[in-house]
Structures are given as C-alpha cells and as structure tokens.
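Notes follow once the structure below has been shown.
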Amino acid sequence: MEHSLLTQEDAETVFDQSPFHQQSNRAGCLCATVIPLSHCDGDVKLLLESWGGESAYFWLSDERVAETLKSIGTPRIIEIETALTDKLNGYQVAATVLAAWARKLGAPAALSGCDLFIRECIDTAKVLRVHTKGDNSFEAVRTTYPVGVGALLEEDNESTT
C-alpha cells in the first residue's frame, strides 16, 4: 500500500485547525472506550479512517489534507488495561461496570459505554493486544471479546432502533 506523507504546510494546517487548542480538558490524556467497539461502529469509524484521530480531522476544512490523512498508516484497535484512579469520567465508568455486572447476573440493564480519559495513571497503562486492519482479530473485536459483550450490545442496539 502506498502512503502519502504530510507536507510541512499540511501539518501546520492540521495543527492550526485542531479542536484541541480549545479543549484543554483532553490535554495529556489517552482517550479510550470502556467497552469494545467494532471498527464499523459509527463512534470509532472516523477515528480509524484517519491518521491522527479527532485531533487531526475533526475541524479540518481542507479536503485534500483530509484525504491525505486517510492514506497514512494502517487502522489499529488497541486494548489496554489501566487502573481507574483518574477522577475523570468516574461516574460514567462505574455505571457501565455496574450495568455489565447486572446483565451478567441476568438483570435487565442497558449496557452503554462512555469515553474514558486516562491522565493520572497513563504511565501504568498496559497494552494487552493490538488488532491491525486485515487481521482476523481486527474484524472480531466486539463480537468475540470479552465473551458475551458483543451479544449484549447487539440487544441494546436493537431495543433502541
């Protein structure tokens, strides 16, 4: 696969138009989801289509540069393990964990995820697996890991559509 690289001017355009100059709450954070999402899921599809994620493409108005970003690299889903010592999103993460546990016990509970912003414990986060586009594991994320979560998410999606 042939990859294009950004020119210095393109890089400056991406940097200048990044939304994160105004969103200082994301500075120094690793952003993740608390439940596995398929590469086809609307919440992550754009992240995987474009190099640099939201910080690069989100407010980008130059279509040529946007297309260049889509040609760089190979999409990957990275599974991480981290302590939940950060106070960011604590309530939402706890609600997701409790709903997952309730579903495991057979109680009717909607399983919805949230973004997880890791800042304070980023240095202790561990990479568990890297799923690269083209690998079977990339296609299987959400439907096979962790056991049963994919089916629970499908049920929730069916009940909300």
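Residues in segment 137-148: is at least one under 15 Å from S38 (Cα atoms), modelled with pLDDT of 80 or more, in contact with a Phe, Trp or Tyr (Cβ under 7 Å, 6 or more places away or on another chain) and surrounded by 15 or more Cβ atoms within 10 Å (Cβ to Cβ)?
no
Condition test on A99, is it among the small types (G, A, S), under 30 Å from E12 (Cβ atoms), assigned to a helix (DSSP H, G or I) and out of contact with any Phe, Trp or Tyr (no Cβ under 7 Å at 6 or more places or on another chain)?
Answer is no for this residue.
Could you tell me which numbered condition C40 fails, if it satisfies all but one of (1) free of Cβ contacts under 8 Å to residues at least 40 places away in the same chain; (2) in contact with a helix residue (DSSP H, G or I) (Cβ under 6 Å, 6 or more places away or on another chain); (3) assigned to a loop (DSSP other than H, G, I, E, B)?
In the conditions (1) free of Cβ contacts under 8 Å to residues at least 40 places away in the same chain; (2) in contact with a helix residue (DSSP H, G or I) (Cβ under 6 Å, 6 or more places away or on another chain); (3) assigned to a loop (DSSP other than H, G, I, E, B), C40 misses (2) alone.
Name the pairs: first residue in segment 54-66 and at negative phi, second residue part of a helix (DSSP H, G or I) and among the polar types (S, T, N, Q), Cβ to Cβ under 6 Å, at least 6 apart or on different chains?
Hits for this filter: W59/Q17; L60/Q17; D62/T13; V65/T13.
Could you check segment 102-126 and list, in sequence order, the residues that are of a type outside the set (D, E), farther than 21 Å from E54 by Cα and not in a loop (DSSP other than H, G, I, E, B)?
Scanning segment 102-126 gives A102, R103, K104, T124, K126.
Got at least one residue in segment 69-78 being within 19 Å of the chain's Cα centre (by Cα), part of a helix (DSSP H, G or I), under 23 Å from A140 (Cα atoms) and not acidic (D, E)?
Yes, the conditions are met somewhere in segment 69-78.
Would you mention how many residues in segment 92-113 are over 20 Å from D43 (Cα atoms) and in contact (Cβ under 8 Å) with a residue 24 or more places away in the chain?
Residues in segment 92-113 being over 20 Å from D43 (Cα atoms) and in contact (Cβ under 8 Å) with a residue 24 or more places away in the chain: 2 in total.
Being modelled with pLDDT of 80 or more, among the hydrophobic types (A, V, I, L, M, F, W, C) and either surrounded by fewer than 13 Cβ atoms within 10 Å (Cβ to Cβ) or over 16 Å from the mean Cα position of the chain (by Cα) (or both) is the filter here; which residues of segment 98-129 pass it?
The answer is L98, A99, W101, A102, L105, A107, C121, V127, L128.
Given the criterion exposed (fewer than 12 other Cβ atoms within 10 Å of the Cβ), modelled with pLDDT of 85 or more and of a type outside the set (S, T, Y), identify the matching residue among E79, E63.
So the residue among E79, E63 that is exposed (fewer than 12 other Cβ atoms within 10 Å of the Cβ), modelled with pLDDT of 85 or more and of a type outside the set (S, T, Y) is E63.
The values are calculated or read from the model by the stated rules, or taken from the named source; none is laboratory data. None of the values given here were measured: they were computed from a predicted structure. With ideal geometry, Cβ positions are generated from the backbone for all residues, glycine too; neighbour counts draw on all protein chains shown.
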